[in-house]
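In what follows, a structure is listed as structure tokens, so that the remarks can point back to it.
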Amino acid sequence: MAQDSGTRTLISHAQLSRGRGRVIYWTLLVVVVAGFTLVFLGPLYWMVTGALKSGQEIAQTPPSLFPKDPQPQNYVDAWNNLALAKLLFNTFYYAIGAVLFQLVFDSAAAYSLSKLRPIFGNTILALMLGTLMIPAMVLIVPQYVTVLDLPILHINLLDSPFAIWLPMVANAFNIFLLKRFFDSIPEELMAAALMDGASSLRTLWSIILPLSRPILGVVSIFAVTAVWKDFLWPKLVMPSPETRTVSVGIYTFAGGTPMNVVIAASVIAAIPTVIIFLIFQRNIMSGLTTGSIKG
Amino acid sequence: MAITTVPQTPRNAGRPPSPYSAGPQRTSLGRKVRDNLTGHAFLIGAVLCFVVFSWYPMVRGIVMSFQRTRRGETTWVGWDNYSRIIADPSFWTAWQNTFYFTVLALALGYVVPFFVAILLNEFRHAKGYLRILVYLPVMLPPASALFLFKFYAYDPSEAGLFNAILKALHLPTSQWMQSPEMTMPAMVVASTWMNMGGAVLIYLASLQNIPGELYEAAELDGAGIWKRIRHVTIPQTRLILALLAMLQIVATMQLFIEPLILANGAGAEDSATSVAYLIYQHGFFQNDLNGAAALGVIMLVVLAGFSAVYVRLTAKQD
């Protein structure tokens, strides 16, 4: 951030730090910072405070900037009436499981594709990457039918967490991210481990994974946010009230609940991902850009 | 996360085999077989998940679209599902709406992030803060963000946020989601707000890879800011620009949760019905999974058409 001030961009550094350029730069900066705060933080402020307003205050014109008579009760109602504790627990449970399944199966697969390179490895990788081009909506019906009656095993996964965990493993983007990271680990390290008689599993566990903590972190964060944000798939495969995720639960209750309570519930549902983002924003942003720029 | 998924060709295709998997002194057949078996053992978990939840459903979707299941009995019906789906009066409306959304979303959600990224890249202060702000909405669960828009921003009375702003500026207020003309633009605004952060960050990263000398040379040649953007920035980021255009088309064609929450599905006078919503409607409400599968195949074919045009256009440029 601060360190890239040295590289030349569209407008030269010198031009921006003298006379008229300097005035324009600072005016523009202030305008953009104020504007962005208003556009991106403003709605969130409106959401948090709006959920504190009473039903009457919400319907009032013009709308008030601060809640005149804050009603924390809306948040309590949202928590109790929508059974948010249960919904949040479910979502958290699915998210943690998704992280574990992805870390185990996807890093094993990426390790094999990157270092062991078995026969047909590249074909398999190409087939995996091909799925990135297929929109989720196209597959939703056959995927749903598959989950209702798994081929050969004839198990119904409806309302089972595996219906979320296993499809999450089939994530070509994460395998690709992991493989690229593993590719950058020198072959000499692998050869040395082989000399010492380490098995492939041992090499993965004691050499590759410890070196790959940053990328494993990125993949984990992506898995958590993907489960937290997903809507249609959990709505279809987790139909009973006991297994719902938080987004689906709020949607289901939205019809018969006062809107400030729905908004209060939406705020509560958004808190975990916002906290994750604020803590891990550096990792998230670097994972996002390394996955797409180079190569 | 569709915006960030970038397929690439396997990198080690042309590389010599790994010294790790086949040392020069140990190339016996048994050793090779064992190495390959170990490799596939590590792959099996992920591959099985791809087989069951991705590759097989792909084939099954196509097969289903030519079948019909009634009372547990499945029969081949040829193109019946397709003709039934196309005869549905909502079919053409849904495609029209979806294309309209795609075009609007490209105009707003494609151009704006690029210029926002150019702007952010010039700043030497508050960069981290601005980046966090732009990406923050991406982290919200879409359902949460859309309820905010639905109840507080697009409230058709003057108590709604947008109408209050319009009124304060002495502009005519709008009915938003209750007016068929405003439905789509309102959905595009909400969707762009929720999703543009990813594109901005990707552009920012690619802008930082442009060598500074190019700008310097252009400036010495007397090129102004616009000329520098046109002749340096855009050509230098061409590949990413083209790629994100394609990914955004794929993403916008799947328009679903916006109509579902903001417009309760179809919206005023069917103005919000999208193809993805129609798939959902047929498959899970009208109990017509085969028809929904046929619609999915049609969507795939349309997108494949787009991809073919895309490949043609980008191949010509190189």
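Within the stretch B:103-156, if we keep just the residues that are in a helix (DSSP H, G or I) and of a type in the set (S, T, Y), the residue that is surrounded by the most Cβ atoms within 10 Å (Cβ to Cβ) turns out to be B:S144. The set of residues from the stretch B:42-85 being more than 12 Å from chain A (Cβ to nearest Cβ), basic (K, R) and within 18 Å of B:I279 (Cβ to Cβ) comprises B:R68, B:R84. Applying a threshold of 8 Å to beta carbon distances and a minimum spacing of six or more residues, or different chains, the list of pairs starting in the stretch A:152-167 at a residue that is in contact (Cβ under 8 Å) with a residue 60 or more places away in the chain and aromatic (F, W, Y) and ending at one that is surrounded by 18 or more Cβ atoms within 10 Å (Cβ to Cβ) and outside any loop (DSSP other than H, G, I, E, B) reads A:W165/A:Y94; A:W165/A:G97; A:W165/A:A98; A:W165/A:F101.
For residues in the stretch B:233-245 being aliphatic (A, V, I, L, M) and touching a Ser or Thr at 6+ places or on another chain (Cβ under 7 Å), which is surrounded by the fewest Cβ atoms within 10 Å (Cβ to Cβ)? Filtering first and then ranking leaves B:A242.
Of all residues in the stretch A:108-126, count the ones that are in a helix (DSSP H, G or I), out of contact with any Phe, Trp or Tyr (no Cβ under 9 Å at 6 or more places or on another chain) and either more than 7 Å from chain B (Cβ to nearest Cβ) or crowded, with 17+ Cβ neighbours inside 10 Å (or both). Quick ask: steps written out before the conclusion?
Of the residues in the stretch A:108-126, the ones in a helix (DSSP H, G or I) are A:108-116, A:121-126.
Those still in the list that are out of contact with any Phe, Trp or Tyr (no Cβ under 9 Å at 6 or more places or on another chain) too: A:121-123, A:126.
Then keep just the ones that are either more than 7 Å from chain B (Cβ to nearest Cβ) or crowded, with 17+ Cβ neighbours inside 10 Å (or both); that gives A:121, A:123.
So the count comes out to 2.
Is at least one residue of the stretch A:48-55 buried (at least 17 other Cβ atoms within 10 Å of the Cβ), more than 30 Å from A:K229 (Cβ to Cβ), hydroxyl-bearing (S, T, Y) and in contact (Cβ under 8 Å) with a residue 12 or more places away in the chain? Yes, the stretch A:48-55 has at least one match.
The set of residues from the stretch A:32-66 being at pLDDT below 85, part of a loop (DSSP other than H, G, I, E, B) and either basic (K, R) or more than 16 Å from A:V262 (Cβ to Cβ) (or both) comprises A:Q60, A:T61, A:P62, A:P63, A:S64, A:L65, A:F66.
In the set (1) in a helix (DSSP H, G or I); (2) more than 25 Å from A:A136 (Cα to Cα), B:T75 fails one condition alone, (1). If we scan the stretch B:157-166, do we find a residue that is more than 10 Å from chain A (Cβ to nearest Cβ), part of a loop (DSSP other than H, G, I, E, B) and either closer than 24 Å to B:V200 by Cα or among the hydroxyl-bearing types (S, T, Y) (or both)? Scanning the stretch B:157-166, I find no residue that is more than 10 Å from chain A (Cβ to nearest Cβ), part of a loop (DSSP other than H, G, I, E, B) and either closer than 24 Å to B:V200 by Cα or among the hydroxyl-bearing types (S, T, Y) (or both), so the answer is no.
Looking only at the stretch A:127-137, decide whether some residue is under 23 Å from the mean Cα position of the chain (by Cα), surrounded by fewer than 16 Cβ atoms within 10 Å (Cβ to Cβ), more than 7 Å from chain B (Cβ to nearest Cβ) and at negative phi. So that I can check it myself, show each step before the final result.
Residues of the stretch A:127-137 under 23 Å from the mean Cα position of the chain (by Cα): A:128-137.
In the following step, the residues that additionally are surrounded by fewer than 16 Cβ atoms within 10 Å (Cβ to Cβ) were identified as A:130.
Filter once more, so that each one left must be more than 7 Å from chain B (Cβ to nearest Cβ): A:130.
Now drop any that are not at negative phi, which leaves A:130.
Scanning the stretch A:127-137 turns up at least one residue that is under 23 Å from the mean Cα position of the chain (by Cα), surrounded by fewer than 16 Cβ atoms within 10 Å (Cβ to Cβ), more than 7 Å from chain B (Cβ to nearest Cβ) and at negative phi.
Among the residues of the stretch B:192-214, the ones that are in contact with a Ser or Thr (Cβ under 8 Å, 6 or more places away or on another chain) and within 29 Å of A:F40 (Cβ to Cβ) come to 10 in all.
Under the condition of being of a type in the set (F, W, Y) and surrounded by 15 or more Cβ atoms within 10 Å (Cβ to Cβ), which residue from the stretch A:24-47 is farthest from A:H13 (Cα to Cα)? Looking at the filtered set, the residue picked out is A:W46. Of the listed requirements (1) within 26 Å of B:Y129 (Cα to Cα); (2) under 24 Å from the mean Cα position of the chain (by Cα), B:I229 misses just one: (2). Within the stretch B:209-226, being part of a helix (DSSP H, G or I), more than 8 Å from chain A (Cβ to nearest Cβ) and within 34 Å of the chain's Cα centre (by Cα) holds for B:L214, B:W226. Sub-9 Å Cβ pairs linking a first residue in the stretch B:185-208 that is at the interface with chain A (Cβ under 7 Å from one of its Cβ atoms) to a second residue that is of a type in the set (S, T, Y) and surrounded by 23 or more Cβ atoms within 10 Å (Cβ to Cβ), at least 6 apart or interchain, are B:I202/A:S292; B:A205/A:S292; B:S206/A:S292, ordered by first then second residue. Screening the stretch B:245-317 for helices (runs of 4 or more DSSP H) wholly inside it with 3 or more residues that are under 21 Å from B:G198 (Cβ atoms) returns the ranges B:257-262, B:289-317.
The values are calculated or read from the model by the stated rules, or taken from the named source; none is laboratory data. None of the values given here were measured: they were computed from a predicted structure. Every residue, glycine as well, gets a Cβ built from its backbone with ideal geometry; the counts of neighbours run over all protein chains shown.
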